[in-house]
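Remarks on the structure that follows.
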Amino acid sequence: MAYLQGTYPVAKKRESARGIYDYTICCPSIAEQAQPGQFVHIRVDGFSLRRPISICETDPSAGTIRIVFEARGAGTEKLAQTGENGTMDLLGPLGNGFTLPEPGQKLIVAGGGIGVPPMLETARRFGGDTTAIIGFRNSKAVILEDDFKRLGCDTRLATDDGSAGYHGFVTGLLEQRLAEGSADLICACGPMPMLRGVVAMAQAHGIPTQVSLEERMGCGVGACLVCACKTVRDGREVFSHVCKDGPVFDGKDVVFE
């Protein structure tokens, strides 16, 4: 695994929803190498473990990457205090990303909550016939909807409480989309119950899936066992590292418990 480590300047920061922060960081070497679905591991002052954050979007010509994360605990709250004149210590790009269909095929990207950001780069890299299905708790938590539309995606929004878009879950919108026609691949990131439902629905329609798993991480490079998850390999259950073997896995190989 090839990855880089360095301290890079923050070019832009904004709060895209309450408690959700959107950063653009100048790191040409990482922007050039990063693939959709990969992540960066960020050092936070005062904390021994880095924080894994998915890469939301890259702009190799500008030498920047974009990350979007929710301040959920003390570490990410401290990270969110970094201003536009600050810097971030990044290790990356890490992990295995999505393998996209050939041009001319049909892609569905599905994201739930903070699992939505990595789907933006996935849709951007494919650049073809893409349906983006994104789901959030309510209208105040919606992020990146306009960004998917900017890419030309058929963008469909769901909220748990019905305050914006479809009243229900991502899986409900996926069911509607598949009733309109098939797809060549479904890529998804979000909570485990959502991923379980997406994979089951895709299998019922004979569509392959790739899913990005969210787990706590220690080292980020496969040297520890913090992010172990159950997968199937050669017909038997084994423990895989989300950081090194993933975070993207073939949906049929994930053991959803």
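Of note:
- Lysine pairs meeting the criterion (Cα under 22 Å, 8 or more apart or interchain), as found in the chain: 12
- For the range 213-257, the gyration tensor built on C-alpha atoms gives a prolate shape. Its axis ratio a/c (a ≥ b ≥ c) is at least 1.5, and a/b is the larger of a/b and b/c.
- DSSP-loop trypsin sites (Lys or Arg not before Pro) across the range 186-232, with at most 11 other Cβ within 10 angstrom: Arg216
- Table column - 3J(HN,Hα) (Hz), the range 96-103, Karplus curve with 6.51, -1.76, 1.60, x for Gly and Pro: 9, x, 7, 9, 8, x, 6, x
- On Cα atoms only, tilt of 192-204 relative to the major axis of the chain in degrees: 40
- In degrees, nearest ten, helix 170-180 long axis to first principal axis of the chain (Cα): 50
- Of the chymotrypsin sites (Phe, Trp or Tyr not before Pro) found in the range 28-122, those that fall in a DSSP loop while having at most 15 other beta-carbon atoms within 10 Å are Phe47.
- Shape category assigned to the range 70-167 from the gyration tensor of Cα positions, a/c cut at 1.5: oblate
- Relative to the longest principal axis of the Cα atoms of the chain, the long axis of helix 117-126 makes an angle of roughly 70 degrees.
- In the range 182-243, GluC sites (Glu not before Pro) in a DSSP loop with at most 16 other beta-carbon atoms within 10 Å: Glu215
- Here the mean projected area of the convex hull built on the C-alpha positions of the range 17-64 is 4.2 nm².
- GNM top mover of Val232, Val199, Val242 - the chain, alpha-carbon springs below 10 Å: Val232
- Taking every DSSP beta bridge that has both ends in the chain, the antiparallel portion is near 60%.
- Calculated FRET value between Asp146 and Glu32, using beta carbons and R₀ = 30 Å, to 0.05: 0.70
Taken together, the values in this text are just the output of simple stated rules run on the coordinates, not laboratory data. Since the structure is predicted, the reported quantities are computational estimates derived from the model, not experimental observations. With ideal geometry, Cβ positions are generated from the backbone for all residues, glycine too; neighbour counts draw on all protein chains shown.
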